[in-house]
């Protein structure tokens, strides 16, 4: 299931992996260019987004969920919003190292910002309905106020 070189597998930490044995049916069975999977994996314990959508299906709107593995994928969903795609709710799936508990959490996302720390490393700030703000930083001395070029994307 996993290659011998973990670094190669983790090149893009914002992705989900699949095993061909977990594919449901044949490619294209659920629409041109689409495949469905019984399960996906994620090598690195990083946050991701559970996005509830309504998409146009003929003359009605149908519920659908997309899982965005990083901010770039989430922004792509945001760009597609319009009369044929409505965003109904976004939840952040947050690893325990980030929420400072002993378990992963899934919380309603109310805001998302990107900025840079003092040495130019990108930092993501997730604002959730409880009022908490999570940063994807391991540094225990990190201070949100130290970020520069902060841009709100959601």
Check: Across region 44-60, what is the number of residues that are in a strand (DSSP E or B), free of Cβ contacts under 8 Å to residues at least 60 places away in the same chain and in contact with a helix residue (DSSP H, G or I) (Cβ under 7 Å, 6 or more places away or on another chain)?
Finding: 1
Notebook entry, point to check: Here are 29, 61, 67: which of them is farther than 20 Å from residue 111 by Cα and surrounded by 13 or more Cβ atoms within 10 Å (Cβ to Cβ)?
Noted result: 61
Notebook entry, point to check: Does region 81-99 hold any residues that are surrounded by 11 or more Cβ atoms within 10 Å (Cβ to Cβ) and out of contact with any strand residue (DSSP E or B) (no Cβ under 9 Å at 6 or more places or on another chain), and which are they?
Noted result: 97
Item checked: Candidates 147, 85, 126, filtered to the one that is under 15 Å from the mean Cα position of the chain (by Cα) and modelled with pLDDT of 95 or more -> 126
Notebook entry, point to check: Given the structure, is residue 134 at pLDDT 95 or above and closer than 19 Å to residue 15 by Cα?
Noted result: no
Checklist line | Residue, nearest to residue 121 (Cα to Cα), within region 131-153, restricted to residues that are surrounded by 12 or more Cβ atoms within 10 Å (Cβ to Cβ) and either in contact with a helix residue (DSSP H, G or I) (Cβ under 6 Å, 6 or more places away or on another chain) or in contact (Cβ under 8 Å) with a residue 40 or more places away in the chain (or both) | finding: 136
Next item on the list: Could you tell me which numbered condition residue 37 fails, if it satisfies all but one of (1) in contact with a strand residue (DSSP E or B) (Cβ under 9 Å, 6 or more places away or on another chain); (2) under 17 Å from residue 17 (Cα atoms); (3) in contact (Cβ under 8 Å) with a residue 60 or more places away in the chain?
Entry: (3)
Check: When residues of region 61-88 are filtered for being out of contact with any helix residue (DSSP H, G or I) (no Cβ under 9 Å at 6 or more places or on another chain), within 29 Å of residue 103 (Cα to Cα) and free of Cβ contacts under 8 Å to residues at least 40 places away in the same chain, how many remain?
Finding: 6
Margin query: Residues that are surrounded by 11 or more Cβ atoms within 10 Å (Cβ to Cβ) and out of contact with any strand residue (DSSP E or B) (no Cβ under 7 Å at 6 or more places or on another chain): does region 100-117 have at least one?
Written below: yes
Notebook entry, point to check: Looking at 118, 39, 32, which is the one that is under 21 Å from residue 146 (Cβ atoms) and part of a loop (DSSP other than H, G, I, E, B)?
Noted result: 118
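The values are calculated or read from the model by the stated rules, or taken from the named source; none is laboratory data. If you're wondering where the values come from, they're calculated on a predicted model, not measured in any experiment. Note that we place each Cβ from the backbone using ideal geometry, even for glycine, and neighbour counts take in every protein chain shown.
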